[in-house]
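Single-structure report; data block below.
We did not get these values from a lab; they are worked out from the coordinates using the rules stated. It should be emphasised that the depicted structure is a prediction, and the values quoted were computed from it without experimental measurement. In this analysis, Cβ positions are derived from the backbone assuming ideal geometry, glycine residues included, and neighbour counts consider all displayed protein chains.
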Amino acid sequence: MSYASTVEAYERLKNNEKAEDVIIDAICKVEDNKDLHSVGFGGLPNKEGVVQLDAGYMDGNSGCFGAVGCAENVKNPIKLAKSLADENRHFNNFIVGKGAYKYAIENGFETRDNLTKEAYEKYLEKKDSDIKLKSYDGHDTVCFVCKDENGLISACSTSGLFMKEDGRLGDTPIVGCGYYADSKIGAASATGVGEEISRGMISYETVRLMSEGYSAMDACKKALAKLNAKMDRKLLSISVIALDANGNYGVATNCDFAFSYASENCEPKAYFVNSKNEIRELSENDIID
Ligand code: GLY
C-alpha cells in the first residue's frame, strides 16, 4: 500500500520539500484509496457498521505528538493528528470520538462518509456468518517514517481491526506504540494487532534500543524478540519499521509483510519480508497500486 506514496515522497524530498509535508501527503494518498480496506476511505467498519479511524504523528525534533482516535466522518485523520502536533500543545494533543469531529469542523478540515458500499457489503457478509474473525483479517495500518535534513518524523493511520468494539483504540494513535520519533536517535512505526504492539510499546522500544547503539535493523528485531519472549502464547501478527538518524532502515516482523524504502542513495524499492526476517526485493509485477 505504500509504494506509490514512497515514490512520490522520494521525488519531493529530492526537490528539498519538507518531510512534514511529504509524509502527510504520503499517508493521505493511502487514506483516500477506497480499495484499501484498513485505512481511511473504504476502511472496514466496527461491529456496529461504523468506520472509526485512528491516526498518530510525532515530530522527532520537538517531541510534539498529535493523535485522533475513533474519528468518524473526517476525511484525513492524519491531517488532524499533525495539526494537533504542530500546535505545540501542552495538553489536548490526543482527541477521540465526537471531539475529533468537532476539532475537524472547527479547524476547517474536510469531512467525508468513509463507509463505502464495498466495505459495507463485507461487513454484512461477516456479520451474518459464523466464521470466527482472525486477528489479522482486514487489518493493516499505513506507517511512514521520514527524514529530511532537519530531522525525523513518524506517522501512521488506520481504520483498526475489522469488527472491533465501538470505541476500541489500538496502538495507532498511542505515542510510543504505533509511532515514535527522536531526531537525534531514530524513528519507528508499527502495524499489526494493536493490543499486542501496545504490550511492548514497540515503536518507543525500537527507538530506545537504537539509543543504546543498536542499528535500526537490530533494534527492530530485538524489540520484537523481547516482546515475543515475555508472551505465554504465540504473539499475534506484528511488524515494525524504523529509520536511524542517518536514514538507514530497519524492519522486523513475525508474519509476511511488505514495505518500501528510498533514500538519497537508493531509488524507491518495495520489499517482502517474512517472519525469519528474510528480505527480498519485489518486482514491478508484484506491486499493485
Ligand atoms: N494496528 C492497528 C490496530 O490495531 O488498530
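For trypsin sites (Lys or Arg not before Pro), the sites in the stretch 189-280 that DSSP calls loop and that have at most 12 other Cβ atoms within 10 Å are Arg233, Lys234, Lys276.
Per-residue extension of 0.36 nm, minus the Cα-Cα distance of Asp130 and Asp86, leaves a gain of 11.3 nm for this segment. Antiparallel beta bridges, as assigned by DSSP with both residues in the stretch 1-127, represent about 65 percent of the total such bridges. Report the FRET efficiency, 1/(1 + (r/R0)^6), for Lys47 and Asn265, where r is their Cβ-Cβ distance and R0 is 41 Å, rounded to 0.05. That gives a FRET efficiency of 0.30. Length gained on full extension, Lys230 to Asn61, computed as 0.36 nm times the residue gap minus the Cα-Cα distance: 57.6 nm.
Hey, got a sec? Which trypsin sites (Lys or Arg not before Pro) in the stretch 68-122 land in a DSSP loop and have at most 16 other Cβ atoms within 10 Å?
When the trypsin sites (Lys or Arg not before Pro) of the stretch 68-122 are filtered for loop state and at most 16 Cβ neighbours within 10 Å, Arg89, Arg112 remain.
Here the chain carries DSSP beta bridges of which approximately 90% are antiparallel, counting only pairs with both residues inside.
Backbone phi angles across the stretch 249-262, fed through the Karplus curve with coefficients 6.51, -1.76 and 1.60 (θ = phi - 60°), yield HN-Hα couplings of 9, x, 8, 8, 8, 10, 8, 4, 8, 10, 8, 10, 8, 8 Hz in residue order; Gly and Pro are listed as x. Which one, Ile153, Ile197, Ile105, has the greatest fluctuation when you compute a Gaussian network model over the chain with C-alpha springs under 10 angstrom? Sorting by GNM fluctuation, first place goes to Ile105. Here's how it looks for Val142: its modeled amide H is under 5 Å from those of Ser157, which are all 5 or more places away or on a different chain. Computed extension gain for Asn285 through Tyr120, at 0.36 nm per residue and net of the alpha carbon distance, reaches 56.4 nm. The stretch 204-228 and the stretch 239-266 have Cα centres spaced 13 Å apart.
Inter-label distance, Glu195 to Thr111: 3.2 nm, where each label sits 7 Å from its Cα along the C-beta direction. Of all GluC sites (Glu not before Pro) in the stretch 172-239, which ones are in loop regions per DSSP and have a Cβ with at most 13 other Cβ atoms within 10 Å? Those that pass, being in a loop and sparsely packed, are Glu212. What residues have an amide H closer than 5 Å to that of Leu152, excluding those fewer than 5 places away on the same chain, when H is modeled at 1.01 Å from N in the peptide plane? Distant-sequence amide H within range of Leu152: Gly60, Asn61, Ser183.
Farthest toward the positive end of the dipole of the chain, out of Leu227, Gly99, Val251, is the Cα of Leu227, where the dipole comes from beta carbon charges about the Cα centre. What net charge is computed for the residues neighbouring Ser83, neighbours being all others with C-beta under 15 Å from the C-beta of Ser83, Lys and Arg scored +1, Asp and Glu -1? Overall, the nearby charge balance is -4.
For the pair the stretch 1-48 / the stretch 136-201, the C-alpha centres are spaced 14 Å from each other.
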